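As structure tokens, the structure follows; a few thoughts come after it.
The values are calculated or read from the model by the stated rules, or taken from the named source; none is laboratory data. Note that the structure is predicted; figures quoted are calculated from it, not measured. Here the Cβ is made from the backbone with ideal geometry for all residues, glycine too, and neighbour counts use every protein chain on show.
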């Protein structure tokens with residue numbers, strides 16, 4: 001197990017989380033999500049220190065889906081929507097970043113008291129997981145554009161995936177693959193919804209869906 005390399009990548013994930021919360025440029029969000037997906041694909045190889053068919057397939061599937069296929073779907077939706085940035089977040093970018101930073105500090109403090117296995121005690125897997133889940137939740141709840149919320153869903157699932165790395169040896173490959181496929185289907189459905197919202201309302205602001213009640 002390569003602790004230093006794994007922790008370095010996990011620190012990179014924490015920095016990407018702050019980037020997610022601090023930018024309004026949707027294309028930059030998609031690129032950051034793709035980069036985070038590639039990093040997550042490498043993590044199983046570093047944490048477990050060996051390459052077998054189970055770990056290798058999970059790594060390849062993660063890189064292909066999270067680093068290429070799903071970001072490609074989001075880029076296509078972005079081109080069709082012809083938007084560039086989140087112009088009216090429900091909470092400002094700076095307050096959202098501060099919430100993310102506070103959540104990261106609390107995650108580190110909370111993880112330090114957990115009874116982890118000895119081989120995982122020196123890793124930042126748990127803090128990175130909690131911080132990433134919080135980042136995805138903040139994107140889902142504070143941004144009004146449907147495509148930004150789709151990215152939030154992707155980031156939230158990334159946090160769950162990070163935590164699952166601790167249980168990789170105990171979980172069958174089909175379970176991990178099922179999670180990735182569920183994510184793929186979810187983003188696919190969201191892309192369809194984004195297309196229809198943009199066609200019907202000429203906007204991706206999900207707050208306009210309230211007019212459907214009238």
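Observations on the model:
- Reported count of residues in the range 133-188, each being more than 23 Å from residue 117 (Cβ to Cβ) and either touching a helix residue (DSSP H, G or I) at 6+ places or on another chain (Cβ under 7 Å) or modelled with pLDDT of 70 or more (or both), is 31.
- Scanning the range 88-105 for residues that are part of a helix (DSSP H, G or I) and under 19 Å from the mean Cα position of the chain (by Cα) yields 93, 96, 97, 98, 99, 100, 101, 102, 103, 104, 105.
- If you filter the range 4-21 down to residues that are surrounded by fewer than 16 Cβ atoms within 10 Å (Cβ to Cβ) and modelled with pLDDT under 90, you find that the one that is nearest to residue 65 (Cα to Cα) is 5.
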